[in-house]
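Encoded as structure tokens, the structure appears first; notes follow it.
The values are calculated or read from the model by the stated rules, or taken from the named source; none is laboratory data. All values reported here derive from a predicted model rather than from experimental measurement. Neighbour counts are summed over all protein chains in view; Cβ atoms, including those assigned to glycine, are modelled from backbone coordinates with ideal geometry.
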Amino acid sequence: MASVTELQPRELLTTGDALRLEGVSRSFGALRAVEDVSFSVAAGGRRAVIGANGAGKTTLFNVITGDFAATSGRVRFFGEDITEHPPHERIRAGLRRTYQSSLLFRDLTVRDNLFLAVRGVARGRFSLLRPGGASTTRAAAEDLLERVRLTAVGDEPVAALSHGQQRQLEIGMALAGAPRLILFDEPAAGLSPAERRELVALLRALPAHMSFVLIEHDLEIALRVVDRVTVMHNGRMLKEGTPGEIENDPEVQQIYMGRTGRA
Amino acid sequence: MSAVQWRNAMNAGAGRAALGKGLPGRGPGVSSRAKGAGDEIVERQTPSMWAAVRARHVVVLAFLLAFPFFATPFLTYQIGAQSLALGLIALSLTFLGGYGGMISLAQMTVAGVAGYMLAIFGASGEATLSLGWSWWIAVPIAIAISMLAGTFVGWLSVRTEGIYTIMITLAVGVAFYYLCLQNYSVFNGFQGFQRVYAPTLLGVNFRNPVPFYFLALACALGGYLLIQYVLRAPFGVALQGIRDNPRRMNALGFHVTAHRIAAYALAAFLAAVGGILLVWYNGLITPNSVGTSWLINVLIIAVLGGMKHPIGAFVGAVIFVLLQTFAIDLIDRERFNLVVGGVFLAIVLFSPDGLLGLWARLRERISTTRPQAALHPRRSKP
Ligand SMILES: Nc1ncnc2c1ncn2[C@@H]1O[C@H](COP(=O)(O)OP(=O)(O)OP(=O)(O)O)[C@@H](O)[C@H]1O
Ligand SMILES: [Mg+2]
């Protein structure tokens, strides 16, 4: 397995909740996309958010990352209230996300996409001087390249990658720097069975101190890699429990029975 | 530089070495790299600055250095020096627009602020208004105030996009024009400041065509190299990322707004230097120097040359100055704008990337008729 992200003392010492949502809501005009969602993710905890299309899962992520402002409610990240913080400050504090439909620099190479991700959370973003000698930023990008197994296509432009490889890269970009909590938005969508197995392996291999929240329609994946599950429906929290409880819940089964196949 | 060129540029270094390791069947990516014009490498340390020097650079530089020795003083001064000064101001727009995706019409205003400040703090014909300080105090002050003004314009406009950026910067430019026109206590109204001259230094009088030409050349070259360097430094790389996908950059930890404002500050530095050269060139500054037509002329120059490479600003400036100088001999002054407008229209219609775009297409056509040219790139690998 590739190397893990170096632990920083601050993270090792952190206890308590990595993420805490308190009555978070978000409306688009009259549409209540997310309503009164409250849950927490312990440091090192892993939670799945499942629910039908349009349930408000992605919107919830957007509120957590600051892409959308919350209409009401608070978002706490390692105890700090980040509800009003702009996205880049949340990212620098150790929050990361992947996008449901890949949001990559399509004309840049894989390597340079990762490079920008590393640079975004490193010092010297405004530097007018080119780094001399061996660039630590470059080295970090190489390391990520290896972790998401894209070394062979490192110099390919993203536009030339397969869908699965682009999803891998999305994850690689979220792993840049020292993430403390990662929000994965349907990372398995459109992946082949083999790629899904790799994804599960990658999620399981994340360092134990790293928390994540996973939106996933494929319950086989979702329930296998998390310790808590939230079921959302029409913007609200419908259920909350361990994977075992959720799997056997008749109401949840009914919702998922109604789905045509697994997206 | 387009995103594709940017990619090619970045692939030029390590990418070339790893060419064989690419995925099989990824034809487009590999072939586009092979004919990539890039001699630029994003934030990778170049083994030495000299490794990037090509034959064409040497030829152009030699021509520029020799130019005053075979050209008449008129050509040296009117065409050479003026093009370099205007090119520097247009370069500031190319940097903002081509690499930052922000079209500002206020770059001549920023240059004009530097010009006015030079006249006010330095010496001019208006002894009652000018402080008459030495050039080596007045010039840094002028540049500093101009950079503040440019940063202010950036701060005002970075939250807007596209047409709104153009409108806001145009409004700032027009406001400054009227301020200069109507204020007599500081800006001396419509008369402006006459007799603002380049200094004499170490016995060299920079008012003379040849010394002034070399002064302008040194500034232009410095500005050009500065931009070329910064575009591959962390700041420039991030700026181009922001141009392509600001939301993603924000989600990677970049403070998009701060980055954009900083780009305005850096662009203002170039415009300020160009503005000071222009005042020395004209020997005066008046509200007309910062009037609407000049605000737009800067845009015309940048687009004419092509905003995808820093050199485009200077190519555009030379064409513009040549047209301005010689079209007047052929037709009367009123029709000059018609000629410029016509040439501008033709270029924009036939090549959105300006003259550089035309040149690139021409080269491509030549190299496709002689495919071996693409297989044997002239560039040596560092
Ligand atoms: N920017 C927006 N403006 C207006 N409405 C939006 C916006 N984003 C999402 N919505 C609406 O909010 C609701 C929830 O959308 P969201 O994308 O969060 O669902 P989701 O649970 O992620 O669904 P999926 O499984 O399809 O990804 C939907 O009805 C959607 O149309
Ligand atoms: Mg979604």
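Worth pointing out:
- Any chance B:LEU270 is of a type in the set (A, V, I, L, M), within 14 Å of chain A (Cβ to nearest Cβ), under 30 Å from B:THR200 (Cβ atoms) and in a helix (DSSP H, G or I): yes
- Some residue of segment A:82-96 being facing chain B (nearest Cβ under 9 Å) and of a type in the set (A, V, I, L, M, F, W, C): yes
- Taken over segment B:230-246, the residue count meeting the criterion of being facing chain A (nearest Cβ under 7 Å) and not β-branched (Val, Ile, Thr) is 8.
- Taken over segment A:48-67, the criterion of being within 12 Å of ligand 2 (Cβ to nearest atom) and not in a helix (DSSP H, G or I) is satisfied by A:VAL49, A:ILE50, A:GLY51, A:ALA52, A:ASN53, A:GLY54, A:ALA55, A:GLY56.
- Residues in segment B:153-191 that are small (Gly, Ala, Ser) and touching a helix residue (DSSP H, G or I) at 6+ places or on another chain (Cβ under 6 Å): B:GLY154, B:SER157, B:GLY173.
- Count of segment A:189-202 residues which are within 20 Å of A:ARG47 (Cβ to Cβ) and surrounded by fewer than 22 Cβ atoms within 10 Å (Cβ to Cβ): 5
- In the condition set (1) crowded, with 19+ Cβ neighbours inside 10 Å; (2) away from ligand 1 (no atom under 16 Å from the Cβ); (3) more than 14 Å from chain B (Cβ to nearest Cβ); (4) of a type in the set (D, E, K, R), A:GLU186 is compliant with all but (2).
- Enumeration of residues in segment A:80-109 that are in contact (Cβ under 8 Å) with a residue 60 or more places away in the chain, within 28 Å of A:ALA152 (Cα to Cα) and in contact with an Asp or Glu (Cβ under 8 Å, 6 or more places away or on another chain): A:ARG97, A:THR98, A:TYR99, A:GLN100, A:SER102, A:LEU103, A:LEU104
- Residue list for segment A:77-118, restricted to those being under 22 Å from A:MET210 (Cα atoms), of a type in the set (A, V, I, L, M) and surrounded by fewer than 23 Cβ atoms within 10 Å (Cβ to Cβ): A:ILE82, A:ALA93
- Candidates B:GLY203, B:GLY192, B:GLY253, filtered to the one that is surrounded by 21 or more Cβ atoms within 10 Å (Cβ to Cβ), more than 27 Å from B:HIS57 (Cα to Cα), in the same structural domain as B:VAL153 (by TED's automatic domain parsing) and without any contact (Cβ under 8 Å) to a residue 24 or more places away in the chain: B:GLY253
- Pick from segment A:38-93, criterion closer than 26 Å to A:VAL252 by Cβ, within 13 Å of ligand 1 (Cβ to nearest atom) and of a type in the set (S, T, N, Q), ranking: farthest from the chain's Cα centre (by Cα): A:ASN53
- Of the residues B:HIS255, B:HIS259, the single one that is touching a Phe, Trp or Tyr at 6+ places or on another chain (Cβ under 8 Å), within 14 Å of chain A (Cβ to nearest Cβ) and either more than 22 Å from B:GLY97 (Cβ to Cβ) or not aromatic (Phe, Trp, Tyr) (or both) is B:HIS259.
- Inspection of segment B:102-123 finds a residue satisfying the criterion of being without any contact (Cβ under 8 Å) to a residue 24 or more places away in the chain and surrounded by 13 or more Cβ atoms within 10 Å (Cβ to Cβ).
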